[in-house]
Amino acid sequence: MDAFSAATDTLFGDPNIARSALWRTGGAGDGIAVRVITKKPDQVVGFGDSRAILPTMLIDVRRSEIPNPASGDTVEVDGTVFEVVATPVADSLGLVWTCEAAAPA
């Protein structure tokens, strides 16, 4: 294990940064217990001359836990189910997936 992998594991193991979650491939089945880091940055979207600020949810998960996340997968965090709504993006080291997710309407 290299230093970056060890640091990533430390971050995902920290209870102040990461949380336990349940990952369901395709949104079905019993799910897999994983650790995730959630981020909720606001996204500014332009509409002609206007701008709107939209809430977003980004969920980071280690590739060692979920090797192939996909749009349509669901993640249950603290009793709320989020659906992955876009193609996940891997970090430059290939250790973490960042998934854009949406809460149920």
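Each value in this text was obtained by applying a stated rule to the coordinates, not by laboratory testing. From a predicted model like this one, the values you see are computed outputs, not experimental measurements. Note: ideal-geometry Cβ built from the backbone for every residue, glycine included; neighbour counts use all protein chains shown.
The table for this structure:
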read-out	value
Computed [θ] at 222 nm, helices only, for the chain once each DSSP H run of length n ≥ 4 contributes -39500 (n - 2.57)	-3000 deg cm²/dmol
Translational D in µm²/s for the chain (Stokes-Einstein at 37 °C, 0.692 mPa s, Kirkwood Rh from C-alpha pairs)	226
Ranking of Arg62, Arg24 by count of other Cβ atoms within 10 Å, fewest first	Arg24, Arg62
Distance in nm between pseudo-label sites at Ala102 and Glu76 (7 Å out along the Cβ direction from Cα)	2.2
Nearest-ten-degree value, helix 3-13 long axis tilted from longest Cα axis of the chain	70
Asp30-Val85 pseudo-label distance in nm [points 7 Å out on the Cα-to-Cβ vector]	3.1
12 Å beta-carbon shell around Gly94, net charge (K/R +1, D/E -1)	0
